[in-house]
Amino acid sequence: MSSYSDHIATVQARFDAALEATGFDSVLVYAGQPRVAFLDDNPAPYKVNPLFKYWLPVTQSPKSAVFYQPGQKPVVFLFQARDFWHAQAEIPTEEWQQHVELIVVDDVDKIAKHLGDKLHTTAFIGEDFAEPVASWPVQSRNPQPLLDHLHYHRAIKTTWEIENLRYANELATKAHNAARDAFFAGASELEIHHAYLAAINFRECEVPYNSIVALNEHGAILHYDIYDHKAPAEARSFLIDAGATYRGYCADITRTYTKQKGFFADLIEAVDAAQQDLLREIKPGVEYYQLHVSQHLKIAQVLSDFGFVKGTAEEIYDKGYTSAFFPHGLGHFIGLQVHDVGGHLRNDRGDSYPRDERHPFLRLLRPIEEGQVFTIEPGLYVVDQLLEDHADSRDINWDRVAELRPYGGVRIEDSIVVGANGNNENLTRDAFAKLG
Ligand code: GLY
Ligand code: MN
Ligand code: MN
């Protein structure tokens, strides 16, 4: 069996269990359609429903749908408009077509006509802001128990999904190297962004999230995505958080560079070492929350070693300083979505872990299991808004903080596939290594 046939069998089994547990006869997963801008007729880039691309690697066929009834072959309604305005996305002959009944439609209404009475007993999953979909007489629209069940089990990736994630990382690392070279050649943020896209022949709407391409102080802005068009007089540091997609699966990678030897180069190395130390702690049974705390303690040690904050790692963590320098979560599931779903679910019945007060931005609270894929992305930045809370602190060496401010900060981010007994795969470092 190929890895895709294993995958679709797993998806089918997961839908069987989810439908059984939530009492629905069938499911209709609508791929979605582009939204147009307010008072305008220009569409925004189309993003397919993740639960549609879970079934098949078709990401550019809006208005399509998968209908699935346990015990039957999935039916794919592939929408191809008979219209002289638009080009149709090419659908190459691929393996997925052997596993489904394929019906090409040129009108969304034909989906409903084809399903007839079955529409009344189906659970609809998708966006339904437009007609005729908005008026389809389905049994239920996006029922939460069904979504929770599916989202919970999506955390364990199939071999085919891991192959796609591996290749997405190979694309993204190639682009990362091009961006790094552009930085060393003195390019502006926008020019670096263009170098990134050109290296893998991507349109901007094909990357999985707005790339963060940040020179100097901009590295401290966690979601920096308005690029300067002109290069700064002095480009001291470069933080890039950018990904790629392959067959609908996402890469999410961060690296930090500097042109200068010395303190900031040493800091990049220290955060990188702290991240790699943490990678060794990943194994089934460990709570991801524990990893997050452990990474805080390692960042606390870096804060101490570099003289940013006085005290032992435990003291620095206990007093809350690490949350000012490393304010975001350690990472998140990754797969069909960059921030893949289900990180807060305790079980497939939809019970969830409460958000942690100390670490409210942590997206992943589940215990680690073999087959999960998640990011590990520690950082250390000068975020003045957060440091204000400690303005009176004598533990913080403000001169040292002022030295770091012009560099923004450091983040290092890899994606990890959890193996048995800590025998994990680092998709990102392996991909960089393959490039040589
Ligand atoms: N690039 C988004 C993230 O790292 O979560
Ligand atoms: Mn991430
Ligand atoms: Mn990222």
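Yes or no: segment 99-115 includes at least one residue that is touching a strand residue (DSSP E or B) at 6+ places or on another chain (Cβ under 6 Å), part of a loop (DSSP other than H, G, I, E, B), on the phi > 0 side of the Ramachandran plot and crowded, with 16+ Cβ neighbours inside 10 Å.
Filtering segment 99-115 for residues touching a strand residue (DSSP E or B) at 6+ places or on another chain (Cβ under 6 Å) gives 100-105, 111.
Now narrow it down to the ones that are part of a loop (DSSP other than H, G, I, E, B): 100.
Going one step further and asking which of them are on the phi > 0 side of the Ramachandran plot, we end up with none.
No, every residue in segment 99-115 fails to be touching a strand residue (DSSP E or B) at 6+ places or on another chain (Cβ under 6 Å), part of a loop (DSSP other than H, G, I, E, B), on the phi > 0 side of the Ramachandran plot and crowded, with 16+ Cβ neighbours inside 10 Å.
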- Message: Could you check segment 1-49 and list, in sequence order, the residues that are surrounded by fewer than 21 Cβ atoms within 10 Å (Cβ to Cβ) and part of a helix (DSSP H, G or I)?
- Response: Ser3, Ser5, Asp6, Ala9, Thr10, Gln12, Ala13, Arg14, Asp16, Ala17, Glu20, Ala21
- Scan segment 207-230 and report the pairs whose first residue is under 17 Å from His194 (Cβ atoms) and whose second residue is away from ligand 3 (no atom under 12 Å from the Cβ) and modelled with pLDDT under 95, with Cβ atoms within less than 7 Å and a gap of 6+ or a chain change. none
- Message: Against the condition assigned to a loop (DSSP other than H, G, I, E, B), within 19 Å of Val382 (Cβ to Cβ) and either modelled with pLDDT of 95 or more or within 16 Å of ligand 1 (Cβ to nearest atom) (or both), how does His328 come out, does it pass?
- Response: yes
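In segment 105-123, how many are under 17 Å from Val58 (Cβ atoms) and more than 31 Å from the chain's Cα centre (by Cα)?
Taking segment 105-123 and keeping what is under 17 Å from Val58 (Cβ atoms), we get 105-106, 108, 111.
Checking the rest, the ones that are also more than 31 Å from the chain's Cα centre (by Cα) come to 105-106, 111.
The total comes to 3.
How many residues does segment 163-220 hold that are aromatic (Phe, Trp, Tyr) and within 15 Å of ligand 1 (Cβ to nearest atom)? Write out each step before concluding.
Of segment 163-220, the ones aromatic (Phe, Trp, Tyr) are 167, 183-184, 196, 202, 209.
Narrowing further to those that are within 15 Å of ligand 1 (Cβ to nearest atom): 196, 209.
Looking only at that region, the number is 2.
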- Filtered residues of segment 231-250 (kept if in a strand (DSSP E or B) and either within 16 Å of ligand 1 (Cβ to nearest atom) or within 20 Å of the chain's Cα centre (by Cα) (or both)): Phe238, Leu239, Ile240, Asp241, Ala242, Thr245, Tyr246, Tyr249, Cys250
- Message: Which of the strands (runs of 3 or more DSSP E) found entirely inside segment 346-436 contain at least 3 residues meeting this: under 20 Å from the mean Cα position of the chain (by Cα)?
- Response: 373-376, 414-417
- Task: Note down all Cβ pairs under 6 Å where the first residue falls in segment 87-106 and is β-branched (Val, Ile, Thr), the second is in a loop (DSSP other than H, G, I, E, B), and they're at least six residues apart or on different chains.
- Result: Val100/Pro74; Val104/Gln80
- (1) within 30 Å of Gln60 (Cα to Cα); (2) more than 16 Å from ligand 1 (Cβ to nearest atom) all hold for Tyr257 apart from (1)
- Message: Looking only at segment 198-226, filter to residues that are within 16 Å of ligand 3 (Cβ to nearest atom) and surrounded by fewer than 19 Cβ atoms within 10 Å (Cβ to Cβ); which one of those is modelled with the lowest pLDDT?
- Response: Asp225
- Note on the structure: If we keep only residues of segment 251-276 that are surrounded by fewer than 14 Cβ atoms within 10 Å (Cβ to Cβ) and part of a loop (DSSP other than H, G, I, E, B), then the residue nearest to ligand 2 (Cβ to nearest atom) is Gln260
- Message: Suppose we keep only residues that are among the acidic types (Asp, Glu) and in contact with a strand residue (DSSP E or B) (Cβ under 8 Å, 6 or more places away or on another chain) within segment 227-250. Which one would you say is surrounded by the fewest Cβ atoms within 10 Å (Cβ to Cβ)?
- Response: Asp228
- Task: Name every residue in segment 402-434 that is within 16 Å of ligand 3 (Cβ to nearest atom), farther than 18 Å from Asn177 by Cα and of a type in the set (A, V, I, L, M, F, W, C), in order of residue number.
- Result: Ile416
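The values are calculated or read from the model by the stated rules, or taken from the named source; none is laboratory data. Computed from a prediction, not measured in an experiment: that's the story for all the values here. Here Cβ is always computed from backbone atoms with ideal geometry, including for glycine, and neighbour counts include all displayed protein chains.
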